[in-house]
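Below is one structure, written out as structure tokens; the observations come after it.
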Amino acid sequence: MSPEIRAVIFDMDGVLVNSEPLLTTAAIAMFREKGLVVQPEDFLPFVGAGEDRYIGGVAEKYHFPLDLPLAKQKTYEIYLGLVPSLLEAFPGARALVRACRQAGLLVAVASGTDKVKAMANLQKIGLPQESWDAVVTGNDVKHNKPAPDIFLSAARRIGVAPGACAVVEDSVNGIRAAKAAGMSCVAVAQTFPVHLLQEADVVRDNISDVRLSDLAPGLSIDI
């Protein structure tokens, strides 16, 4: 990886917050209300690609007609009801963001989810929008992950060349988006097993295992 890393771009769901189980629960409940029984594993191919694909992909799998905007709105309603009592940051997430700041790196969030969900998540874990140099969501780009658009948008907003950005991701779609953007990528196996994440430059079991030297070789600050 480049020794000239100036910024770290974090995915959110599955990286900073343990939100994937809550979103799956909400989406399953939404489908159930509409008369379709789906399984948690149905959503796995669409993790990291934003809720349009997360929900729409499962509907397509079952050839189930769905008004996607209304279905997504209902899923968010259920999800946001779960956030206050159930959503938690992954251990070590806030510490890694803080360590990046202390090392003089810029920090951004690039999440394929919609803004309403991203802001609720970040607020709940004590890393609200003002904690970041930029927050980019699925609402801000035309093409979601695995396209590189969301990471390229984050780089533009913070004024850093893509090659000087390192990404922290948890999904295959996210890793592919980061690499397509010309960025280095550290993956955390918090959503998918290690063997599925080998396209990343570095793979760690958890975000608490990530060190600054994984993101920016030559940097080392205790977390």
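The values are calculated or read from the model by the stated rules, or taken from the named source; none is laboratory data. This structure is a prediction, so every number in the text was calculated from the model and none was measured. Methodologically, a virtual Cβ is constructed for each residue, glycine included, from the backbone with ideal geometry; neighbour enumeration extends over all protein chains shown. For the accessible areas, the whole protein counts, side chains as well, though only heavy atoms, and no ligand, DNA or RNA atoms are used. Shrake-Rupley method; radii C 1.70, N 1.55, O 1.52, S 1.80 Å.
Restricting attention to segment 187-198, does a residue exist that is touching a Leu at 6+ places or on another chain (Cβ under 8 Å) and surrounded by fewer than 17 Cβ atoms within 10 Å (Cβ to Cβ)? No, there is no match, as no residue in segment 187-198 is touching a Leu at 6+ places or on another chain (Cβ under 8 Å) and surrounded by fewer than 17 Cβ atoms within 10 Å (Cβ to Cβ). So is Leu152 of a type in the set (A, V, I, L, M, F, W, C) and under 19 Å from Leu212 (Cβ atoms) or not? Answer is no for this residue.
Please find, among Leu36, Leu22, the residue that is over 30 Å from Gly182 (Cα atoms), touching a residue at least 12 places away in the same chain (Cβ under 8 Å), of a type in the set (A, V, I, L, M) and in a loop (DSSP other than H, G, I, E, B). Please lay out each step first, then the result.
Values: Leu22 fails: in a loop (DSSP other than H, G, I, E, B).
Exactly one residue qualifies, and that residue is Leu36.
Taking (1) polar (S, T, N, Q); (2) open to solvent by less than 10 Å² (accessible area, probe 1.4 Å); (3) more than 22 Å from Gly56 (Cα to Cα) in turn, Gln123 satisfies each apart from (2). When residues in segment 162-183 are screened for being open to solvent by 10 Å² or more (accessible area, probe 1.4 Å), in contact (Cβ under 8 Å) with a residue 40 or more places away in the chain and not β-branched (Val, Ile, Thr), 3 of them pass.
Total residues in segment 82-103 satisfying the condition of being modelled with pLDDT of 95 or more, open to solvent by 10 Å² or more (accessible area, probe 1.4 Å) and among the small types (Gly, Ala, Ser): the figure is 3.
Taken as a whole, the structure leaves Asp214 outside the set of residues that are surrounded by fewer than 22 Cβ atoms within 10 Å (Cβ to Cβ), free of Cβ contacts under 8 Å to residues at least 60 places away in the same chain, in contact with a helix residue (DSSP H, G or I) (Cβ under 8 Å, 6 or more places away or on another chain) and not aliphatic (A, V, I, L, M). Scanning segment 132-142 for residues that are in contact (Cβ under 8 Å) with a residue 24 or more places away in the chain, open to solvent by 40 Å² or more (accessible area, probe 1.4 Å) and not acidic (Asp, Glu) yields a total of 1.
Do you know which of the residues in segment 9-23 that are under 13 Å from Glu51 (Cβ atoms) and open to solvent by 10 Å² or more (accessible area, probe 1.4 Å) is nearest to the chain's Cα centre (by Cα)? So that I can check it myself, show each step before the final result.
First pass over segment 9-23, keeping only residues under 13 Å from Glu51 (Cβ atoms): 12-13, 19-20, 22-23.
Now narrow it down to the ones that are open to solvent by 10 Å² or more (accessible area, probe 1.4 Å): 13, 20, 22.
Working: Asp13: 4, Glu20: 10, Leu22: 14 Å.
Here the residue is Asp13.
I'd like to check something: does segment 143-160 contain any residue that is under 17 Å from the mean Cα position of the chain (by Cα), of a type in the set (Phe, Trp, Tyr) and open to solvent by less than 10 Å² (accessible area, probe 1.4 Å)? Checked segment 143-160: at least one residue is under 17 Å from the mean Cα position of the chain (by Cα), of a type in the set (Phe, Trp, Tyr) and open to solvent by less than 10 Å² (accessible area, probe 1.4 Å). With the structure loaded, tell me whether Ile55 is more than 14 Å from Ser171 (Cα to Cα), in contact with a Pro (Cβ under 8 Å, 6 or more places away or on another chain) and modelled with pLDDT of 90 or more or whether it fails that test. For Ile55, the condition - more than 14 Å from Ser171 (Cα to Cα), in contact with a Pro (Cβ under 8 Å, 6 or more places away or on another chain) and modelled with pLDDT of 90 or more - is not met.
The condition of being free of Cβ contacts under 8 Å to residues at least 60 places away in the same chain, among the small types (Gly, Ala, Ser) and in a helix (DSSP H, G or I) holds for only one of Ser153, Ser208, that being Ser153.
Once segment 104-133 is narrowed to residues that are closer than 18 Å to Tyr54 by Cβ and among the small types (Gly, Ala, Ser), the residue that is modelled with the highest pLDDT is Ala110. Among the criteria (1) open to solvent by 60 Å² or more (accessible area, probe 1.4 Å); (2) outside any loop (DSSP other than H, G, I, E, B), the one Ala118 does not fulfil is (1).
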